[in-house]
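Working notes, structure below.
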Amino acid sequence: MQKMNRGILTALSAIGIAQGLKILTHKRLTGKWDIKQVVTTGGMPSSHSAGVSSLATYIATNKGSRHTETALATIFGMLVMYDAQGIRRHTGEIAQLVNDLEDEFAAFSGDFPSFEFVQRDKELKEMLGHQPIEVLGGAILGAILGYISAKCENR
């Protein structure tokens, strides 16, 4: 039986560790333990960043910085991290504004019975992306894990 690709295993492990760390950072910020943080988007550290930076670092450590695979993993990683802190974060901010607007409409409709407003059952998800510091935290975590994985493999 063939073993799983070490690069994939490294990236998946980094994602899992980052998601687990969200429980601890949530506890530190709010004072409350919340096991559901392990499956949330957003938060510290970014598991997207941890996954792609661990893969890029793992490849760079094994193949060198001038290798095509390193270039591919690095560019792919940069795009993922840009998206996590850019487009996805802004989408979350827009969702928050829409949820606030819906609350205002609900209050407004109570003052005017002829105004028909049907409130949605569920609010839009607001925690979609990351603040830049969360992306940086995930990238640092991933780089450390990718380097350790490559060094352990090369023993």
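The values are calculated or read from the model by the stated rules, or taken from the named source; none is laboratory data. Since the structure is predicted, the reported quantities are computational estimates derived from the model, not experimental observations. Glycine gets a Cβ as well: all are built from the backbone with ideal geometry, and neighbour counts include every protein chain shown. What goes into the accessible areas is simple: the full protein's heavy atoms, side chains included, and nothing from ligands, DNA or RNA. Shrake-Rupley method; radii C 1.70, N 1.55, O 1.52, S 1.80 Å.
Structure summary
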read-out	value
Area accessible to solvent at Asp83, 1.4 Å probe radius, in Å²	50 Å²
Local electrostatic count at Ala50 - Lys and Arg +1, Asp and Glu -1, tallied over other residues with Cβ under 13 Å	0
Packing-based order for 8-16, 34-42, using average beta carbon neighbours within 10 Å, highest first	8-16, 34-42
Accessible area in the full protein assembly, largest first, 1.4 Å probe, for Glu134, Glu104, Glu93	Glu104, Glu93, Glu134
Vicinal HN-Hα couplings computed from phi for the range 34-44 (Karplus, 6.51 cos²θ - 1.76 cosθ + 1.60; Hz; Gly/Pro x)	9, 5, 5, 4, 5, 10, 8, 9, x, x, 10
Karplus (6.51, -1.76, 1.60) ³J(HN,Hα), θ = phi - 60°, over the range 14-23, in Hz, Gly and Pro reported as x	4, 4, x, 5, 4, 5, x, 5, 4, 4
Most to least accessible of His26, His130, His67 (protein chains only, probe 1.4 Å)	His67, His26, His130
Under 13 Å, Cβ to Cβ, from Lys27 - net charge with Lys/Arg +1 and Asp/Glu -1	+3
Carbon plus sulfur fraction of accessible area for the range 1-40, probe 1.4 Å, in percent	65 percent
